[in-house]
Amino acid sequence: MNKYWAVMYKYNEGLIFGGTHEPAFCMTILDVLGLPTFTNAGYSKAFFTFIEKELGIPPDRGHIVFNYPGPERLGYKGTTIDVLLKEVGPSGLYS
């Protein structure tokens with residue numbers, strides 16, 4: 001499923017979270033195909049666990065936004081995702 005997500009990492013030394021400059025993060029996940037919202041909690045847990053283990057940032061020092069603008073609002077390959085899905089289906093989207 002990860003080939004339908006876009007993740008961007010950018011270090012920001014000026015980030016203030018909870019009133020301090022202690023290590024923190026703000027993460028946005030762009031969901032291309034619209035995963036069911038009930039899966040967000042599981043993904044959230046996995047990402048928070050990973051971030052704490054690998055970066056040492058505690059789970060109360062960050063936010064994750066699951067962003068699903070809808071296929072008609074996402075441009076790709078000179079058209080939109082909804083048009084491509086009609087033409088090639090989900091399995092052919094990124095092939």
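The values are calculated or read from the model by the stated rules, or taken from the named source; none is laboratory data. Just so we're clear, the structure is a prediction, and the values are computed from it rather than from any experiment. Cβ placement follows ideal geometry from the backbone for every residue including glycine, while neighbour counts extend to all protein chains displayed. In case anyone asks, the SASA skips ligands and DNA or RNA and just uses the protein heavy atoms, side chains included. Shrake-Rupley method; radii C 1.70, N 1.55, O 1.52, S 1.80 Å.
Structure notes:
- Residue 39 of a type in the set (S, T, N, Q) and outside any strand (DSSP E or B): yes
- Of all residues in the stretch 36-74, those satisfying the criterion of being small (Gly, Ala, Ser) and either surrounded by 11 or more Cβ atoms within 10 Å (Cβ to Cβ) or in contact with a Ser or Thr (Cβ under 6 Å, 6 or more places away or on another chain) (or both) are 44, 62, 70.
- Residue match in the stretch 31-47 (condition: acidic (Asp, Glu), modelled with pLDDT under 90 and under 12 Å from the mean Cα position of the chain (by Cα)): yes
- Applying a threshold of 7 Å to beta carbon distances and a minimum spacing of six or more residues, or different chains, the list of pairs starting in the stretch 28-54 at a residue that is closer than 13 Å to residue 67 by Cβ and ending at one that is assigned to a helix (DSSP H, G or I) reads 32/4; 32/81; 33/4; 33/90.
- If you go through the stretch 7-29 and pick out every residue that is within 11 Å of the chain's Cα centre (by Cα) and either acidic (Asp, Glu) or open to solvent by 50 Å² or more (accessible area, probe 1.4 Å) (or both), you end up with 5.
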